[in-house]
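> Dropping a structure here in structure tokens format, bear with me for questions.
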Amino acid sequence: MNTENTIAAPADAAERQAAKPVICYPVSQLPQPNMGLLEQARQTLAKIDEVIVPPREASTFSVPEGHFARIVSIDGPQVGDLNLWNAKDLSERFFSGKTRQLHATHVTTGHRLWSSMPSLRPMATITHDTLGWYGFDADGGSVHDVIGTRCDPYTNRLLSGDDYHHCCHSNLCNALAVAKGFGFAEAEKYVHDVLNVFMCTGFTKDTHQYFMKASPVRPGDYLEFFAEIDLLGALSACPGGDCSSSHSSDAAACYPLKVEIFRPDMALLGDWPWPKESAYQPPR
Ligand SMILES: [Zn+2]
């Protein structure tokens with residue numbers, strides 16, 4: 001731990017530290033989704049599919065372009081680790097780091113979930129978040145983070161020396177392998193950093209370490225998004241349950257999650273600006 005600073009501060013340290021923060025990625029030029037139209041489309045939703053994600057497992061689901069998906073808490077407080085791919089090309093996948101840079105550490109209604117380079121386009125737009133009231137708490141925590149990665153068996157072994165086979169990483173690999181007929185190793189190439197749905201996280205004020213605390217999610221809560229392209233999703237019901245104490249073990253109470261897929265009145269979306277892949281071309 002690099003917590004003991006033995007470096008003497010220069011004479012102008014206070015002046016240097018007082019430089020004003022500047023937003024790295026100003027979004028004033030970023031095309032904004034027409035949330036009014038999406039809200040109109042939400043009023044016409046008809047459910048066409050439903051997937052139950054068992055506790056400590058993951059399941060895949062498909063969301064066609066222009067459809068909506070809801071991740072729903074059902075039996076008890078439970079967080080979910082979400083992966084998203086372009087259903088037609090798994091190399092285009094959710095880019096949590098860029099989503100964080102363009103929006104914030106935690107996402108909610110109106111934010112978009114961006115895809116990896118070279119496409120770099122919105123894969124999905126968040127259209128409803130029943131935990132939108134939570135904001136940031138006194139610990140600096142909030143929900144639906146794009147900071148953390150997924151719990152994984154490699155880090156678990158590094159830190160505990162134990163092997164645990166139901167980390168979100170493993171669950172997501174297994175679910176994708178089943179969906180695509182891959183072996184585990186092939187699936188593992190496509191599993192990526194997640195959106196931590198319902199998870200309440202932040203950085204400690206003293207050591208600035210990543211923390212988690214009991215998720216405020218309760219049965220009936222949901223996070224809903226609009227598919228801007230054809231999506232394949234995978235959701236893991238994290239072995240950490242509500243992530244109030246531990247993960248990467250069978251210790252926590254764990255509950256299933258439900259994914260619901262809805263079709264709106266597609267005529268409303270006739271003029272929707274479906275996002276194209278980035279037009280940037282590297283010089284040859
Ligand atoms: Zn997990």
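The values are calculated or read from the model by the stated rules, or taken from the named source; none is laboratory data. Everything quoted here is computed from the prediction, not taken from an experiment. Quick reminder, even Gly has a Cβ in these numbers, built from the backbone with ideal geometry, and neighbours come from all protein chains shown.
> With under 18 Å from the mean Cα position of the chain (by Cα), aliphatic (A, V, I, L, M) and crowded, with 19+ Cβ neighbours inside 10 Å as the only criterion, which of A41, A124, A104 stands out?
On the way: A41 fails: under 18 Å from the mean Cα position of the chain (by Cα); A104 fails: crowded, with 19+ Cβ neighbours inside 10 Å.
The unique qualifying residue is A124.
> Can you go through I261, I229 and tell me which one is more than 14 Å from the ligand (Cβ to nearest atom) and crowded, with 23+ Cβ neighbours inside 10 Å? Let's see the steps before the verdict.
Working: I261 fails: crowded, with 23+ Cβ neighbours inside 10 Å.
One residue alone meets the criteria, I229.
> Now, a different point. Taking the condition within 15 Å of D193 (Cα to Cα) and charged (D, E, K, R), does D163 pass?
Criteria not met by D163.
> Related question: I'd like to verify a number: residues in region 238-284 that are under 30 Å from T44 (Cβ atoms) and aliphatic (A, V, I, L, M), how many? Can you show your working first?
Applying the first criterion (under 30 Å from T44 (Cβ atoms)) to region 238-284 yields 256-277.
Going one step further and asking which of them are aliphatic (A, V, I, L, M), we end up with 257, 259, 261, 266-269.
Counting residues in region 238-284 that are under 30 Å from T44 (Cβ atoms) and aliphatic (A, V, I, L, M) gives 7.
> With the structure loaded, tell me whether I74 is touching a strand residue (DSSP E or B) at 6+ places or on another chain (Cβ under 7 Å), modelled with pLDDT of 95 or more, over 21 Å from V197 (Cα atoms) and not aromatic (F, W, Y) or whether it fails that test.
Working: touching a strand residue (DSSP E or B) at 6+ places or on another chain (Cβ under 7 Å): yes; modelled with pLDDT of 95 or more: yes; over 21 Å from V197 (Cα atoms): no; not aromatic (F, W, Y): yes.
It is false that I74 is touching a strand residue (DSSP E or B) at 6+ places or on another chain (Cβ under 7 Å), modelled with pLDDT of 95 or more, over 21 Å from V197 (Cα atoms) and not aromatic (F, W, Y).
> Find all pairs meeting these conditions: Cβ atoms under 8 angstrom apart; at least six residues apart or on different chains; first residue within region 224-248 and among the β-branched types (V, I, T); second residue part of a loop (DSSP other than H, G, I, E, B) and surrounded by fewer than 24 Cβ atoms within 10 Å (Cβ to Cβ).
Cβ pairs passing all conditions: I229/E65; I229/A87; I229/R121; I229/W274; I229/P275.
> Would you be able to tell me the number of residues in region 165-205 that are within 17 Å of the chain's Cα centre (by Cα), of a type in the set (F, W, Y) and under 27 Å from G76 (Cα atoms)?
Residues in region 165-205 being within 17 Å of the chain's Cα centre (by Cα), of a type in the set (F, W, Y) and under 27 Å from G76 (Cα atoms): 1 in total.
> If you don't mind, there's one more thing I want to ask. Does region 238-258 contain any residue that is more than 16 Å from the ligand (Cβ to nearest atom), out of contact with any Cys (no Cβ under 7 Å at 6 or more places or on another chain) and either over 25 Å from G135 (Cα atoms) or not acidic (D, E) (or both)?
There is at least one residue in region 238-258 that is more than 16 Å from the ligand (Cβ to nearest atom), out of contact with any Cys (no Cβ under 7 Å at 6 or more places or on another chain) and either over 25 Å from G135 (Cα atoms) or not acidic (D, E) (or both).
> When only residues in region 1-60 that are small (G, A, S) and in contact with a helix residue (DSSP H, G or I) (Cβ under 7 Å, 6 or more places away or on another chain) count, which is farthest from K258 (Cα to Cα)?
Kept after step one, since they are small (G, A, S), are these residues of region 1-60: 8-9, 11, 13-14, 18-19, 28, 36, 41, 46, 58-59.
Add one more test, that the residue is in contact with a helix residue (DSSP H, G or I) (Cβ under 7 Å, 6 or more places away or on another chain), and what stays is 41, 58-59.
On the way: A41: 22, A58: 11, S59: 10 Å.
Once the filter is applied, the top-ranked residue is A41.
> So, in region 114-151, how many residues would count as being in a loop (DSSP other than H, G, I, E, B), touching a residue at least 60 places away in the same chain (Cβ under 8 Å) and either within 16 Å of the ligand (Cβ to nearest atom) or among the β-branched types (V, I, T) (or both)?
5
> Look through P273, P282 and report the one residue that is more than 21 Å from L82 (Cβ to Cβ), away from the ligand (no atom under 16 Å from the Cβ) and modelled with pLDDT under 95.
Details: P273 fails: modelled with pLDDT under 95.
Sole residue among the options that is more than 21 Å from L82 (Cβ to Cβ), away from the ligand (no atom under 16 Å from the Cβ) and modelled with pLDDT under 95: P282.
> So which strands (runs of 3 or more DSSP E) are wholly in region 160-279 and hold at least 2 residues that are under 21 Å from S91 (Cα atoms)?
On the way: elements: 195-203, 210-213, 222-227, 231-237, 257-263.
Ranges flagged: 195-203, 222-227, 231-237.
> Within region 165-182, can you find the residues that are surrounded by fewer than 18 Cβ atoms within 10 Å (Cβ to Cβ), of a type outside the set (A, V, I, L, M, F, W, C) and either in contact (Cβ under 8 Å) with a residue 60 or more places away in the chain or closer than 19 Å to V51 by Cβ (or both)?
K180, G181 - these are the residues of region 165-182 that are surrounded by fewer than 18 Cβ atoms within 10 Å (Cβ to Cβ), of a type outside the set (A, V, I, L, M, F, W, C) and either in contact (Cβ under 8 Å) with a residue 60 or more places away in the chain or closer than 19 Å to V51 by Cβ (or both).
> If you don't mind, another one. Which is charged (D, E, K, R) and within 16 Å of the ligand (Cβ to nearest atom), of D221, D193? Full working, then the answer.
Working: D221 fails: within 16 Å of the ligand (Cβ to nearest atom).
Going through D221, D193 in turn, just one is charged (D, E, K, R) and within 16 Å of the ligand (Cβ to nearest atom): D193.
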